[in-house]
Amino acid sequence: MKKFLFYCALTILIAFIFIGIFADLIAPMDPDAINMANSLASPSAEHLLGTDHLGRDLLSRLIYGSRSSVFIAFFATGCTLLLGLTIGLVSGYFGGWADQLIQGVVNIFQGIPSTAFVVAVLGLLGPGIKSLLIAIVVSSWARFSRVVRNQVLGIREMHYIEGARAMGGSNLYIIRRHVLPNILLPLLVLIATRIGSTVLTVAAMSFLGLGLRAPASDWGIMINDAKLYFVNDFRVLLAPATCLTLFCLSINLIADYLRDHLDNDADTARIL
């Protein structure tokens, strides 16, 4: 059953990515085209999901919203991974005073609630995509670093690492050849969960007016626009909320499946 849910979730995720990449070809209409005479129109042959309060095609805005929400989340998670992975490898592999100094900084960052941190950084830098990316990376790199460090601490004492050192392997070679491959699966789990939470953060900041700004097509902006009109037409709120829920649910199912495989591998290793 979990394998079936995993493949369903993977299909949904790939579909969102595909839609985001080819939004220009898939979207039936211009997502920013305003037609006040056709506001809050019901679904029809011309507008398959109807229109919003400004007469913009709801389906087209959902499609372009997939591009902005999903790809910002992937890019921000990639930057977070790069920073956290580098710092975690240095901290865990070399240890000593560098590890103590880095962990002191990590403890400070992890002690601050991430959402409050993002809002504070956006308050300093101002709203916008660049500021949002910086805020997400600054607020979330510490968790990546801590997970990587904990994994590396266990791996660096293994016999094959000592053998590689004895044969003259450089630190860079050992990290690239022996350390990184053995922390890949835990990182995939963390990346999956982080992408889901980042999408929610992007939507929340856009909803508050601190991320992407109107008239950009974004699920958070669409939910914010719908808050005054969903009583008369619940569809304008249901459409972006459903996309957001489906994406986050698929990411969580993928992460859950990968986590189960990680636990099974650990149990097998203990038996052997």
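The table below lists the values:
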item: MRE, 222 nm, helices only [DSSP H, n ≥ 4, -39500 (n - 2.57), over the chain, to nearest 500]; result: -24500 deg cm²/dmol
item: Which label in (1) -0.23; (2) -0.28; (3) -0.33 gives the computed log10 I(q)/I(0) by the Debye sum over Cα atoms at q = 0.07 Å⁻¹; result: (3)
item: Distance in nm between pseudo-label sites at Leu246 and Tyr173 (7 Å out along the Cβ direction from Cα); result: 5.0
item: Sorted by Cβ neighbour density within 10 Å, fewest at the top, the residues Trp141, Trp219, Trp97; result: Trp97, Trp141, Trp219
item: Amide N proximity, region 214-242 versus Ser39 label position 7 Å along Cα-to-Cβ, cut-off under 15 Å; result: 225-233, 236
item: Average Cα contact separation per residue, the chain, under 8 Å, 6 or more apart, as relative contact order %; result: 24
item: If the convex hull is drawn through the Cα atoms of region 61-165, its volume per residue in Å³; result: 120
item: Amide hydrogen neighbours beyond the local backbone of Arg56, cut-off 5 Å, H modeled; result: Asn35
item: Distance histogram in 10 Å bins (all Cα pairs of region 95-230, percent per bin); result: 11, 30, 27, 18, 10, 4, 1
item: Residue with peak Gaussian network fluctuation, the chain [Cα springs, cutoff 10 Å], from Ala37, Ala135, Ala76; result: Ala37
item: Candidate lysines for bridging to Lys130, where Cα separation is under 30 Å - those fewer than 8 sequence places away on the same chain excluded; result: Lys227
item: More than 17 Å apart - percent of Cα-Cα pairs taken over region 32-116; result: 67
item: On Cα atoms only, tilt of 58-94 relative to the major axis of the chain in degrees; result: 10
item: Dipole magnitude of the chain about its Cα centre (Cβ charges: Lys, Arg +1; Asp, Glu -1), debye to nearest 20; result: 660
item: Sites His53 and Leu82, calculated FRET efficiency, Cβ-Cβ separation with R0 35 Å, nearest 0.05; result: 0.30
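Where a number appears in this text, it was derived from the coordinates with a stated rule and is not lab data. Treat the numbers as computed from the prediction; the structure is a model and nothing was measured. Every residue, glycine as well, gets a Cβ built from its backbone with ideal geometry; the counts of neighbours run over all protein chains shown.
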